[in-house]
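All of the numbers you see were taken from the coordinates with simple rules; none came from a lab. Owing to the predicted nature of the structure, the values given are computational and were not obtained by experimental measurement. Glycine also receives a Cβ, built like all others from the backbone with ideal geometry; neighbour counts cover every protein chain displayed.
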């Protein structure tokens, strides 16, 4: 079982990283979108391996089934022939290099801070089986305030989008 | 069997067998749903429908399948070859994957996930990529427009259908398909009767999600040739077709599980025994029904014009007789076996009743215009579904605080939602008229 889990993890991890790289290097924007979907799906697969099945399903329903459908929808409306002939990559090596360096340092710092968690001592199989209820419990009791703040933010964004769309028509 | 298979892979054996059975049977089933569709359509239009291949066209699906497989496989010159090849696979894989969480009776289920319903919804919503990518890869305007319409329609109606499902989840308190059916058994009422508006919204939403008439705008022949499938032919086309019919069975299965009591027998609380035996009258019904069908097809056999058709008719009768034998034999088997077999029978019966309703609606209503479709989704179904969810929440509070019964507590909800529905319908009429005056 352990080796199977490990093999699956490696499979999903390689798939996620490889399609992420392919996503930024493809010239054809529809292909990029497909590789982004693959990345999201393999991340979902890793969630499932960690027995966070609610996270797994929310990742698929929201990101792959919802947001990416809208992305693809918009991409379809773009004139691909034109956009493929345009220069799509800025060649500002210096800025990009500096930013990447900062980001890499940030990652290294995060790993350094959390190094204690890197020792994997056999997964705890006694995790509560009803994952969905555990997530709901945490959200609606312990993290009530941040959850509500996030909901209000989203509501404001939604109303703002509607208002902006309406103004352009009028 | 236990000593033949190592214990470490034992838990995988039965699910694999079920999966193989589903993958093998489903194309056949899809073919026969097509035949059923053509026969029902013919009946409603006072025609005979397919009659040539086999008695009453019973072998037509097999002839169609052979024809499709022998057709030339064409890929347009300017198409994106990889995506063109990949898209139908996505559609059909996702449609088949959704079956793994569907519970066909208490005994037949590949995996009883505790997020079962969400899994089915997620996977069947991924099928849209098959349509969208296929439409794009064809490099044709008709295909692209069909794909765009499909994406817009799915996103709109998924919201309403999802909210309708939430009203049931609140009552059932679980996402596992088995627990939802169990909850209906415990509360003594199918949720379709206690939340009729949830059922109605899901019915409309599921027709729109499977792209069927009157919401078949992604493949409206009179406007878009065949929509996203325009450039597809032969085997690839039949994959799309298979996915479409597999999705129909999936939504029918979800509706059956959530609103129509899954594998529960109608009148599950009615226990009148046949005198002198331990068998209930209602349990004998499936066997008697299939026996009736067998005798009817036997009586039809001599009337067939050709000898080979007579033989096929007798074979059909023998098949029905076999099913009747299994259903009758189950009455004398241990309760678990009997529940499994009869549960599967009732589940399939309800699924086909739901599909029949799909066909009925298809041949009754004219196709919507695209703006009408969007208005119906966003301005009628989604507000109605939201009100319904809130109402069900209120009903649950009533049940917990005042100890009202499972049916009584939902009556105010249903009446309230009905009021909102009438208000929304009234509100919508002048808007449509105004838009028409504007020449929109």
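Between residue A:144 and residue B:318, the FRET efficiency from the beta-carbon distance, with R0 = 51 Å, is close to 0.20.
Ranking of B:216, B:77, B:64, B:371 by neighbouring Cβ atoms within 10 Å, starting from the fewest: B:77, B:371, B:64, B:216. Extending 7 Å from the Cα toward the beta-carbon at both residue B:52 and residue A:107 defines two label points whose distance is 6.4 nm. What whole number of Å gives the distance from the Cα centroid of segment A:3-41 to the Cα centroid of segment A:47-68? The distance from the Cα centre of segment A:47-68 to that of segment A:3-41 comes to 15 Å.
The order of A:63, B:228, going from fewest to most other C-beta atoms within 10 Å of their C-beta, is A:63, B:228.
Of B:354, B:270, B:240, which has the largest mean-square fluctuation in a 10 Å C-alpha GNM of chain B? Highest fluctuation among the options: B:270. Its Cα gyration tensor gives segment B:1-70 an equivalent ellipsoid, and the semi-axes of that ellipsoid, as √(5λ) in whole Å with the largest first, are 40, 13, 9.
Taking label positions 7 Å along the Cα-Cβ direction at both residue B:307 and residue B:424, the computed distance is 6.3 nm, reported to one decimal.
The residue B:9 and residue B:182 beta-carbon pair, evaluated with R₀ = 25 Å, returns a calculated FRET efficiency of approximately 0.30. Looking at segment A:1-86, the pairs of alpha carbons with a distance over 17 Å make up 54% of the total. A straight line joining the Cα centroids of segment B:313-358 and segment B:77-97 runs 35 Å. Shape class for segment B:281-360, computed from the alpha carbon gyration tensor (a ≥ b ≥ c): oblate, with a/c not under 1.5 and a/b at or below b/c. By the Cα gyration tensor, segment B:335-381 has an equivalent ellipsoid whose semi-axes, rounded to whole angstrom, run 37, 13, 5 from largest to smallest. With 20 Å bins from zero, work out the P(r) of the protein assembly as shown over every alpha carbon pair and list the percent per bin. Calculated over all Cα pairs of the protein assembly as shown, the distribution is 15, 49, 31, 5, 0 percent. Between residue A:6 and residue B:141, the simple label model (points 7 Å from Cα in the Cβ direction) yields a spacing of 5.8 nm.
Legend: ranking of residues A:164, B:248, A:23 from fewest to most surrounding C-beta atoms inside 10 Å; resulting order A:164, A:23, B:248. At q = 0.06, 0.12, 0.14 Å⁻¹, what log₁₀ I(q)/I(0) does chain B have when each alpha carbon counts as one equal point scatterer in the Debye sum? Reported log10 I(q)/I(0), two decimals: -0.29, -1.18, -1.47. Net length available on complete extension from residue A:157 to residue A:95 is 19.2 nm, with 0.36 nm assigned per residue and the Cα-Cα distance removed.
Treating r as the C-beta distance of residue A:21 and residue B:111 and R0 as 45 Å, the FRET efficiency rounds to 0.85. Centre-to-centre, using Cα atoms only, segment B:124-148 and segment B:373-396 are separated by 29 Å. For chain B, set up a Gaussian network in which alpha carbons nearer than 10 Å are linked by springs, and say which option among B:195, B:337, B:21 fluctuates the most. With Cα springs under 10 Å in chain B, the top fluctuation among B:195, B:337, B:21 is at B:21. Note on chain B: with a GNM built from Cα contacts shorter than 10 Å, the maximum mean-square fluctuation among B:295, B:175, B:154 falls on B:295. Taking a ≥ b ≥ c as the square roots of the eigenvalues of the Cα gyration tensor, segment B:198-254 is oblate, since a/c reaches 1.5 or more and a/b is not larger than b/c.
Classified by the C-alpha gyration tensor, segment A:130-170 has a prolate form. Its axis ratio a/c, with a ≥ b ≥ c, is 1.5 or above, and a/b is larger than b/c.
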